[in-house]
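Below: the structure, in structure tokens.
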Amino acid sequence: MTFYSFSRFLSLLILIFLALYITSCEKDDLRWNIERNGIFDSKQNSKKLRCRYYNCENVNGFSFNASGSSSTIGWQISNGYRGNGFITNNSTGGSIEFNIQSENDIVMSFWTQSVNPGFSNRYPTVRINNQVINSSLIDGSEDSWMKIQTATILKGSYNVKIEFEPTSTFWSLYVDEIEFWCK
């Protein structure tokens, strides 16, 4: 092999490698994603994709429960985290329920706030088919809006319940922007 043939071969090899590397760029936002399954995998995306979204601006598909002695308790649509969301005023507790079916493993996130001057936010309990699922604060603060995210929910059909256990004091409870992220 002559030097000229070797340099042509090397140039061709570099062009092929460069073409493969460029195709590993995500097409949607033109950012590199090096954490995908393969170095040149242009179809697999390691980012979670939002597979379901409830903006909480209508009550279709949801059932509600609120506790307390005030005549103004009950969930309604009012100012939320983004746009409108679900709120119950002057209640000691409450819950929101809905059903979901997913063909993928998912995690759920939502924004919540509980207002009672002088107290920090209350963490709601999340139940899947009446079983408590671990959840954690992933954004916001205990003094304002908090974004809660659950542990992985395996694919299947489920009843989801976001529940604020009853207390002895009155609260305004908010839930908004319920999102499901496919894994």
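Summary table below
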quantity: Accessible area in the full protein assembly, largest first, 1.4 Å probe, for D139, D176; calculated: D139, D176
quantity: Additional length obtainable on full extension of the chain from S67 to N84, 0.36 nm per residue less Cα span; calculated: 3.9 nm
quantity: For G140, residues with placed amide H under 5 Å, excluding near neighbours; calculated: K147
quantity: Sites S136 and N55, calculated FRET efficiency, Cβ-Cβ separation with R0 25 Å, nearest 0.05; calculated: 0.65
quantity: Virtual spin-label span in nm between S144 and N159, 7 Å along Cα→Cβ; calculated: 3.7 nm
quantity: Vicinal HN-Hα couplings computed from phi for region 105-115 (Karplus, 6.51 cos²θ - 1.76 cosθ + 1.60; Hz; Gly/Pro x); calculated: 5, 9, 10, 10, 10, 7, 9, 8, 8, 10, 10
quantity: Sum of side-chain charges, Q149 neighbourhood, beta-carbon under 10 Å (Lys, Arg +1; Asp, Glu -1); calculated: -1
quantity: Alpha-carbon centroids, region 120-154 and region 50-97: separation in whole Å; calculated: 16 Å
quantity: Kirkwood hydrodynamic radius of region 105-162, from inverse mean 1/r over distinct Cα pairs, in Å; calculated: 12.1 Å
quantity: Gained length - N116 relative to S172, 0.36 nm times residue gap less alpha-carbon distance; calculated: 19.5 nm
quantity: Label zone at A151, where the point sits 7 Å out along the Cα-to-Cβ direction: region 113-140 residues whose backbone N lies under 20 Å; calculated: 123-139
quantity: Under the Karplus curve 6.51 cos²θ - 1.76 cosθ + 1.60, θ = phi - 60°, whole-Hz ³J(HN,Hα) for region 77-88, x wherever Gly or Pro sits; calculated: 9, 8, 4, x, 5, 10, x, 9, x, 8, 8, 10
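The values are calculated or read from the model by the stated rules, or taken from the named source; none is laboratory data. Since this is a predicted model, take the numbers as computed values, not measurements. Don't worry about glycine lacking a Cβ; one is built from the backbone with ideal geometry, like all the others, and counts go over all protein chains shown. In case anyone asks, the SASA skips ligands and DNA or RNA and just uses the protein heavy atoms, side chains included. Shrake-Rupley method; radii C 1.70, N 1.55, O 1.52, S 1.80 Å.
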